[in-house]
1. Please give the charge dipole size of segment 227-319, origin at the Cα centre, charges +1 on K and R Cβ atoms and -1 on D and E Cβ atoms. Round to the nearest 20 debye.
2. Holding the Cα-Cα limit at 24 Å, pick out from Lys181/Lys236; Lys258/Lys323; Lys163/Lys233; Lys286/Lys318; Lys200/Lys239; Lys258/Lys286 the pairs that are longer than that.
3. At a Förster radius of 35 Å, what calculated FRET efficiency corresponds to the Cβ-Cβ distance of Glu122 and Leu261, to the nearest 0.05?
4. With N set to the number of residues, divide the alpha-carbon radius of gyration of segment 262-302 by 2.2 N^0.38 Å and report two decimals.
5. Rg and Dmax of segment 214-300, using alpha carbons, in Å: what are they?
6. As a test of reading the structure, rank Lys310, Lys181, Lys236, Lys286 by solvent-accessible area (1.4 Å probe, protein chains only), most first.
7. Using +1 at the C-beta of Lys and Arg and -1 at the C-beta of Asp and Glu, which of Ser143, Tyr192, Ala177 has the Cα lying farthest in the positive direction of the dipole of segment 130-236?
8. Express the Stokes-Einstein translational diffusion coefficient of segment 198-259 in µm² s⁻¹, to the nearest whole number, given a Kirkwood radius over alpha-carbon pairs, 4 °C and a viscosity of 1.567 mPa s.
Amino acid sequence: MLVPVLIRSRQHVMEFECGRKGRQRDKDERQDQGDCGSNDRTSEGRGSRADHGRGACSRNLHLCQPRKVLALASQAELHHATLRGQGVGPLGEKPVLIDTHTHLDDARFDGDRDAVIARAREAGVETFITIGCDLATSRAAVSLADRYPFIYATVGVHPHEVKCIGDDWYDELRRLAQHPKVVAYGEIGLDYHYNHSPPKLQRDRFREQVCLARELRLPLVIHTREAQEDTIKILKEEKGSEVGGVFHCFSGDAWLAKDALNLGFFLSFSGVVTFQNATMLRDIMKTVPMDRLLVETDCPYLTPAPHRGKRNEPAYVKLIAEKIAELKDSTEPMSVQEVECHTSQNACRLFKIPYGSPERGQSKNAR
Ligand SMILES: [Zn+2]
Ligand SMILES: [Zn+2]
């Protein structure tokens, strides 16, 4: 059965000069190699050590309950999600875009955050997820979610920052996670490219945080770089599949894609798919089932072509959806609107958020 698609004609991707503030270490390298580059972020409790080691984590294991994320979509939703459309989105709505990974709290947006958000809305981005990378940015993410009805937040500690985890961090993250608009735990994981935190400490803190996410019953936002095998091993050993999640800014090989999909995770693609030298990544993306794909900007990092060198912003997620449609279309017919529908519906399923913005008559509360 075919249903008509309402074509979204608005597409204003604005160009502007990078208005960033402060230090931006390794910026060029990140732009080229696909790191979300949170190493410059403010951290708290530097030098202090967490008291929530394996022992503390184990004490909370009795609270962990399975949450089969992938079973959440109804048969009807899945049916619609697989339709080639002339019509409506998977839930009877116009196609919308969801930028599933932003750092809207970043200081580079301090001068024009409202304008950045307005440009994205104008470009068709109706929902944003802004990511916590340490305690300060987790608090900032929650505060942005409080301020804007269409922004949701995550909390967690990035592998770069785990060396800063202080005695009270996990308690504070637990408290922040109670906010109704916190929809996931992360970004967490392993980054052996920069090793801003020692690898052994990264692994320990990753395990603890997977456990904490299970306790909180929140899906995981995974950051992994040059650490594929350990990432999969820890997710298996710590039962990450119970809450599921997403490999954000996917830049691994075919082996990682297969393992992540087998674990029930989603794969999120960023502006890296538009980079000239990302041939292998594009080939992998083409093999990912449409019901496991997400899109993200990871702004202000990883600006897609043709805007590389400038600050990234959520409006550009449209360029990523367009590139994915173009690539997928080489093997099966695929429109940009279909990519928007599929990826947005996937995001709603994973993060349990309503399809469409509150202004369009949807529930404001995610969970
Ligand atoms: Zn990342
Ligand atoms: Zn990030």
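1. Values: 11 positive and 12 negative charges, 87 e Å.
The dipole magnitude comes to about 420 debye.
2. Lys181/Lys236
3. 0.55
4. After normalising by residue count via 2.2 N^0.38 Å, the value is 1.20.
5. Looking at segment 214-300, its Cα Rg and Dmax stand at 12.7, 41 Å.
6. Numbers: Lys310 45, Lys181 15, Lys236 120, Lys286 65 Å².
Ranking Lys310, Lys181, Lys236, Lys286 by accessible area, largest first, yields Lys236, Lys286, Lys310, Lys181.
7. Final value for the positive-end residue is Ala177.
8. Details: Rh = 11.8 Å.
In µm²/s, the coefficient is 109.
The values are calculated or read from the model by the stated rules, or taken from the named source; none is laboratory data. No experiment lies behind these values; they were computed from the predicted model shown. Backbone-built Cβ (ideal geometry, glycine too); neighbour counts: all protein chains shown. Ligands, DNA and RNA are stripped out before the accessible areas are found, and what is left, the full protein with its side chains, is counted by its heavy atoms. Shrake-Rupley method; radii C 1.70, N 1.55, O 1.52, S 1.80 Å.
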